[in-house]
Structures are given as structure tokens and as C-alpha cells.
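Just so it is clear, none of the values below were taken in a lab; they were calculated from the coordinates. All values derive from a computational prediction rather than experimental measurement. Methodologically, a virtual Cβ is constructed for each residue, glycine included, from the backbone with ideal geometry; neighbour enumeration extends over all protein chains shown.
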């Protein structure tokens with residue numbers, strides 16, 4: 001967009017970087033109504049044979065996962081400096097957004 005000022009183009013690039021960083025933390029994809037639904041995957045001969053040989057495999061694995069203990073101590077705590085750095089970065093993005101508008 002050559003008609004925009006250099007400062008506005010710079011802020012737009014900052015917003016593009018914001019989009020890229022938010023994409024790292026976004027947990028679910030957006031559901032867009034105009035995209036076609038995914039096609040059903042046809043079962044291969046190997047999948048059909050596995051279903052015959054191991055008919056209870058999904059239920060057994062689900063039971064094993066449900067029986068496994070989960071400890072909250074296994075998850076590492078986020079460092080305070082990472083939270084401070086993210087807050088500083090977000091305040092900069094907010095400041096640039098306010099200056100743009």
C-alpha cells in the first residue's frame with residue numbers, strides 16, 4: 001500500500017507480527033462456514049484388518065488413559081520474567097494500536 005505513510009505501514013507490520021504470535025497460542029482453529037466439510041477417509045485394508053484383530057483397542061486404551069494418575073506437579077510453572085516480557089510486549093502492541101487509530 002504505497003499511499004500509506006511509513007509509520008502506518010510499520011504499525012501494520014507490527015499487527016502482522018501480533019497475528020503470528022497469537023497463532024502460536026490459539027488452541028482451536030476458526031470454523032468458517034464457507035469452507036467445505038472434510039471428506040470422510042476411506043478405510044484401508046490394513047485399518048479393516050486391525051479392527052478385526054484388535055476390536056477392543058480403542059476402549060482399552062481409553063480405559064488405560066483414564067486410569068493413569070495425573071499430577072499437577074509435572075507441569076512446569078511459567079517463569080515470572082516470561083510473563084513480564086509478554087506483558088511488556090502486549091503493552092507495546094496496544095500503544096502502537098492506539099497511535100494508529
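Label separation (residue 4 vs residue 34): 2.1 nm, computed from points 7 Å beyond Cα along the C-beta direction. When you count the other C-beta atoms within 10 angstrom of each residue and take the mean per peptide, 83-89, 7-13 line up highest first as 7-13, 83-89.
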